[in-house]
1. Excluding residues fewer than 8 places away in the same chain, name every one of the lysines whose C-alpha is closer than 21 Å to that of residue 261.
2. Relative contact order of region 277-358, please, whole-number percent, based on alpha carbon pairs below 8 angstrom and at least 6 residues apart.
3. Accessible area of residue 588, 1.4 Å probe, to the nearest 10 Å²?
4. Rounded to the nearest 500, what is the 222 nm mean residue ellipticity of the chain from helices alone, with -39500 (n - 2.57) per DSSP H run of 4+ residues and division by all residues?
5. Starting from 0.36 nm per residue, how many nanometres of slack lie between residue 478 and residue 581 once their C-alpha separation is accounted for?
6. Projecting each Cα onto the charge dipole of the chain (Lys/Arg +1, Asp/Glu -1 at the beta carbon, about the Cα centre), which of 293, 443, 98 comes out farthest on the positive side?
7. Using +1 at the Cβ of each Lys and Arg and -1 at the Cβ of each Asp and Glu in the chain, identify which of 540, 502, 158 lies farthest towards the dipole's positive end.
8. Cα to Cα, under 19 Å, and not fewer than 8 places away if on the same chain: which lysines meet these conditions relative to residue 174?
Amino acid sequence: MTKSLALGYWMSGMMAWTGFSEPLSVNGNASSQEDSQLADHLIVLKVDATEIGRKIIHSKSEIPVHPGMMTLYYPKWLPGEHGPNGPIDNVVNFHILANGQALRWRRDLVDPYLIHCNVPQDVKQLNVSFDYLIPVGDVNFSSGHSSSPQLGIINWNQVVYYPSGFNADHWTVKASLKLPANWQFGTALPIDNAGNPTEFKLVSLVTLIDSPVVAGEHYRRISLDQNSPTNEIDIVADTENALALGDDKIAQYRKLVSEAKALFGAAHYEHYHFLVALSDVIFHSGIEHHESSLNTIPEKAFTDEEIFVGEAELLPHEFVHSWNGKYRRPASLTTPNYQEPMIDDMLWIYEGLTEYLGSLLLTTRSGLSDAEHTRDFLAATAAAMNERSGRTWRSLQDTADDAARLYMAPDQWEDQRRSVDFYPEGVLLWLETDTVIRQQTHGVKSIDDFCHLFHGGPSGAPTVKTYNFDEVITTLNRVAPYDWEKFWLDRLNSLSAHAPLHGIEASGWRLVYNRKPNAFIASRNKAKKRIGTEFSLGLLMSEDGGVIDILKGSPADKAGMTPGMKVIGINSRVFNPDRLNEAIASSEGDTGHSIDLLVCVDDFYKTYSLDYHDGLRYPHLERIENSTDLLSKITEARASHSE
Ligand SMILES: [Zn+2]
């Protein structure tokens, strides 16, 4: 259905231009006859990133063509981002030459990612050139701020056009990359000829786009596992000091690799690269790939323990995706090229299970997080979902169905809108699944057995094995017979005001609030320059007093506050984060006073009185007396580590 819709759009734009009547080939497999006519499937791509420090990348490519009407695609739907985020607006100075002559082109009138042109007779190749300009500021994910004067990220989808008419893996690409002098780089892309430019081996367009590059003046490579399949970390940083990853941390990342192999029982890569960029100026995110992951985190993430607490789970999460997301992929997310829309309805397993396996299990089993920090992560996750007011109008399933929009939605009003909640709520639901498996099998089986069945199989080079909802349910039933279909449908479609906390309780713990700061929340707030008063006043703020969101039903909501305000005074004094925390702390039991905030809202000053008297309030987990501490058992290391 989506396919025929796309065809309709595409043709309408085409006809609008010059009235060409010839139907063109569209997305999907071409006939074998057509295939054989195209003698050359090779795209030569030369990327000049010598100016990446000033946020300009130059792209030149040679694309094999036949005479007649043709369409070039700029990648739109990006794997791992689950949305139509291809940064087309950053493409400038676009030119096509045919036999040295400028060729007229026109953009599709409906889909700006399509460029139409008419290839003259005797032309076998187009020379396409353009510049990719890196934006600065608050743009999300790989389309965002991705370079500094000291480092840069090359996402190949940003610097390549490819012809329509075939699956993306039909195209072979011979890529080369020129970097600033003295920069080094890391990538999963196999190297043919190291130098500047570096020539890469022939790969499919799919492998190319799945293999980003981190490059920089300050670079460190750390081998984690030299046995096949190999694992390494490639780090670039804004400063040399930021590369000083301690031996204890390196040992934990080595354990991460062996714990992952123990969890899944197989590996579907040959050489895995954790690509890491440490910078306070670039956009922070993690994007999974089959043989690598791109992790952009604060400059001091590896050298400041307080910051690391909030970042510890990122590399394990992205690593798990090599199995859950890349190897095993929902059929609805497995598209033939980068133009066909992806369907996000199964992200509660693609991302939700990854969050449970990576961010909780492997982060703890590897030692990257200790037991207390893990409980803080879980408590923060549970509390955030339990406070979400939007859960009474929109189900978790709906957050997945609408994920492409929600990823890009603003932080303002997130409490009522909900966000990509299948990540945090996925942790709660897959923890519950794990506890049910253990109960049903009297402790004999666990989620590890599901992973062996679902993600295991023979090890080897990257390949994709698709699945659907029924296979997930069938596999769960093979591990432990239970009404898994009802279990999942009930939880995915629930409109309960409360988060599903049964998994935490079945693992021997309960969610409580007390005055002790939650280390995971504190770390995240430090990195994002935020103040966490959402569980007391119901206010999520930036350190400068900007109100990011308010929780419905909270003291801030009842006082009439809204996102976008700026707090400038507190209890008759100039606002700062310490004074806010002091005011909250001294509110405990003091029913005689409110907390008064002077705010600037749009062009006006206003005062809001918050009726709050419960003091500082942060989420934690507390043991349920006389119960088994299953959580500690679940997060125990499994692999034998020889060091
Ligand atoms: Zn993920």
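1. The reachable lysines, counting only those whose Cα sits under 21 Å from residue 261, are 249, 326, 445, 465, 633.
2. On the way: 104 pairs, mean separation 21.3, N = 82.
Once divided by the residue count of region 277-358, the mean separation gives 26 percent.
3. Counting only protein heavy atoms, the figure is 80 Å².
4. Working: 20 runs with 175 residues, N = 643.
Per the formula, -7500 deg cm²/dmol.
5. Details: separation 103, 0.36 × 103 = 37.08 nm, distance 5.13 nm.
Residue separation times 0.36 nm, minus the Cα-Cα distance, leaves 32.0 nm.
6. 98
7. Final value for the positive-end residue is 158.
8. Reachable lysines: 46, 60, 124, 201.
The values are calculated or read from the model by the stated rules, or taken from the named source; none is laboratory data. Just so we're clear, the structure is a prediction, and the values are computed from it rather than from any experiment. Please note: Cβ atoms are built from the backbone with ideal geometry, for glycine as well, and neighbour counts cover all protein chains shown. Note: areas computed on protein heavy atoms with side chains; ligands, DNA, RNA excluded. Shrake-Rupley method; radii C 1.70, N 1.55, O 1.52, S 1.80 Å.
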